[in-house]
Amino acid sequence: MFNIIVLKMYKTLLSSLILLFAFTCTSSSIDLDNVVTDSVLVSAKRIPEIYSQTSRIVSIITKDEFANAPVHTVQGLLEHTASVDVRQRGSDGSQAEISLRGGSFEQTLILLNGVPINDPQTGHHNMNLPIDIEAIDRIEILEGPGSRVFGANAFAGAVNIITGERKKSSVRVSGSAAQDNAYKMSISANGKLDNWNNFLSLSKIGTDGYYKNTDLQSLNFFYQTSLLTEIGNFDAQAGHTDKSFGANSFYTPAYPEQFEQTKTTFASMKYAGGETIRYSALLFWRKHDDRFELFRTNPAAWYSGHNYHETQVYGGQINFSYESFLGTTSVGGEWKVDQINSNKLGILTGDTVKVPGEPDGYFTKYDLTKNRSIFFEHDWKSDRLAISAGAFFNWNSKYDWNVYPGIDMSYKLNDKFKLIASVNKSVRMPSYTDLYYVGPTNSGNINLIPEESLTYEIGAKYLSKGIDARLSVFRREGTNIIDWVKDSVHFKWESQNLTAVNALGISAGIKINPKQLLGIDVFTDFFKINFTWLDMDKSSEYTLSKYSMDNLKHNLSISAQHSIWEELGVNWSVIVHDRMGTFPAYENYIAVKDVDGNQVFKEFVPYALINLSLYYKWSSFRIYADVNNLTDQDYFDISNVVLPGRKFRIGFSAELE
């Protein structure tokens, strides 16, 4: 009944907004943007625009919000956003899957300073970032389809991580320690000389693990430079991360001694200039190496050896924009190549190639996919009404040409409140794992086609001094959705295109800054609530699915920061997750079966996590004591992957200008 009510409300509001947009365009002068204190540029369109002007739901996590928070990884930070589902494997950032609005982890695009870094092998590796949380200045989250803006894999949304925005030359050092011999050390430096800025970051993370075979060692290096000249702006970045971790039950609970090492190297260069016609050009490259061991020790007699994968992604973008009395017109293009060398994924080459740095590793398979894209977008604004429409034309060497259009609209009711609506089509290409992986319990499918969706959204945004609030209702209609499925517990999981997977959802959030709102110094720095409700339905001949239906039906996060006495303060958060779906039951790494010998499945159990940080700041020096999972909850994000209980951490940070 509730679903029917929400759907009727959604259709009624959409009809009303369309009529409003069509008949109430007015020339009344209302300046919403002048009352906004945060006028940061965000990437909700091909050409970045001021946050207050966006017609989409874009969440921003700023340094002020998370500098004192009880989080120590990018994954932990993202858990505090309404529509983000962070499914962690292990602790301290060993591996995590990021999804938005009920989409799968393959359907979210991850960007670093606007450059896409998704891995074509599998979305499991998308968060292998060459940076530590200490290097991050803010995070932008585009909720909902983003193919028209970012390309093929921004199916359900995009996460853009921003670094290097320090205004002055400085050096920042931080360190922390926790139980299980866990530690984290980082140092970063920013050097500014006139119009030339350089940023460098180094970090090291390690732990013996909270449970057997959950240890981690990670090393990150990142460099970023920007130069402002009379002929344009030049930006470049490069980074490397090397991560080794025990992967207890990560991909199947039947083999708890899994182990993995990943290495990622990344670089990009960008130039932007022009006045009457603005233009930019970008080149990017990413290389990822993955060694997966099903048996870390004592392999079974039938085990033929480790999995070795090497992916490379390289390409370029070019964009032009022109402003006239008709609005702003933007056109652009992208070319991108996804390549894999592997002994498990791809097409047999008939040859063997030595895996660099691996004495026993050889590549025997290979594949390469080419993409060519054209983007077109036009923006038009009056005093109240704003419309942005465009299309993404994509050619893929496996799937030929396709087009994905969309339109975003907003209407200002007054200087603080505006209505928004959008309709956008999105696409996601199959990963190499979807296409080729064959294992003891899984089988890929080379006949997969891209998954597509059409998303309708309506909502409202309220933005004033001290309050940032938004509410939206969306409907995503997905076709040919890729999932790992089976029609009987006696057969392997197979990757297939499902007939349809639809999502109906509500996303809401509010952030209050009492000091700005009241104009006086009060003890609360900020208070933030985010909530998402989702209802998913599937149309398929298969009875069991692995990813498409285990979404968060209810996702609630509450966080706040308070002063206690002078420079002593507390930052706390509460996260409540209610996940749908089931997972195969295991006990002591052995499948639980019923009296007929069939696999038993369990439902995910809702849980609440309380995280707390007590901190003291003196000038540019900060010390803190954290506790995560205060009530010591037992919970799962991924089936049968045990996550840490109560965890204490102490640490410090210092910055010298």
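Quick one: is SER472 more than 30 Å from ASP408 (Cβ to Cβ), in contact with an Asp or Glu (Cβ under 6 Å, 6 or more places away or on another chain) and surrounded by 22 or more Cβ atoms within 10 Å (Cβ to Cβ)? So SER472 does not fit the description; no. Within segment 624-650, residues that are on the phi > 0 side of the Ramachandran plot sit with their Cβ atoms under 7 Å from residues that are in a loop (DSSP other than H, G, I, E, B) and surrounded by fewer than 19 Cβ atoms within 10 Å (Cβ to Cβ), at 6+ positions apart or across chains, in these pairs: ASN629/GLY645; ASN629/ARG646; ASP632/GLY645; ASP632/ARG646. If the condition is being β-branched (Val, Ile, Thr), modelled with pLDDT of 95 or more and either more than 28 Å from ILE506 (Cβ to Cβ) or not in a strand (DSSP E or B) (or both), then segment 406-445 contributes only THR433. Criterion applied to GLU358, GLU334 was being within 29 Å of LEU129 (Cβ to Cβ) and surrounded by 18 or more Cβ atoms within 10 Å (Cβ to Cβ), and the one residue passing it is GLU334.
Somewhere in segment 559-582, is a residue polar (S, T, N, Q) and within 27 Å of SER453 (Cβ to Cβ)? Give the steps one after another, and end with the answer.
Residues of segment 559-582 that are polar (S, T, N, Q), as a first pass: 559, 561, 563, 571, 573, 582.
Subsequent filtering for residues that are within 27 Å of SER453 (Cβ to Cβ) retains 582.
Looking for residues that are polar (S, T, N, Q) and within 27 Å of SER453 (Cβ to Cβ), one finds at least one in segment 559-582, hence yes.
The one condition from (1) modelled with pLDDT under 85; (2) crowded, with 23+ Cβ neighbours inside 10 Å that GLU49 does not meet is (2).
Using the structure shown, decide if ALA69 is in contact with a helix residue (DSSP H, G or I) (Cβ under 9 Å, 6 or more places away or on another chain) and at pLDDT 70 or above. For ALA69, the condition - in contact with a helix residue (DSSP H, G or I) (Cβ under 9 Å, 6 or more places away or on another chain) and at pLDDT 70 or above - is met. Looking at segment 530-632, none of the strands (runs of 3 or more DSSP E) lying wholly inside it contains 3 or more residues that are over 25 Å from the mean Cα position of the chain (by Cα), of a type in the set (Asp, Glu) and at pLDDT 90 or above. Picking from residues in segment 112-133 that are of a type in the set (A, V, I, L, M) and within 13 Å of VAL313 (Cβ to Cβ), the one that is surrounded by the fewest Cβ atoms within 10 Å (Cβ to Cβ) is VAL115.
Of all residues in segment 501-530, those that are closer than 24 Å to MET549 by Cα have Cβ atoms under 6 Å from Cβ atoms of residues that are among the small types (Gly, Ala, Ser) and at pLDDT 90 or above, 6 or more apart or on another chain, in VAL501/GLY478; ALA503/GLY102; SER507/SER472; ASN530/GLY509; ASN530/SER557. For SER373, the test of being among the small types (Gly, Ala, Ser), without any contact (Cβ under 8 Å) to a residue 12 or more places away in the chain and out of contact with any Leu (no Cβ under 8 Å at 6 or more places or on another chain) is failed.
Being β-branched (Val, Ile, Thr) and either exposed (fewer than 14 other Cβ atoms within 10 Å of the Cβ) or over 23 Å from LEU612 (Cβ atoms) (or both) is the filter here, so list the residues in segment 525-572 that pass it.
The answer is THR532, THR543, ILE564.
This table checks each residue for (1) under 26 Å from TRP484 (Cα atoms); (2) basic (Lys, Arg); (3) crowded, with 20+ Cβ neighbours inside 10 Å.
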{"position": "LYS381", "(1), (2), (3)": "no, yes, no"}
{"position": "GLY390", "(1), (2), (3)": "no, no, yes"}
{"position": "ASN394", "(1), (2), (3)": "yes, no, yes"}
{"position": "TYR411", "(1), (2), (3)": "no, no, yes"}
{"position": "LYS425", "(1), (2), (3)": "yes, yes, no"}
{"position": "PRO440", "(1), (2), (3)": "yes, no, no"}
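The values are calculated or read from the model by the stated rules, or taken from the named source; none is laboratory data. Computed from a predicted model, the values in this text were never measured in an experiment. Backbone-built Cβ (ideal geometry, glycine too); neighbour counts: all protein chains shown.
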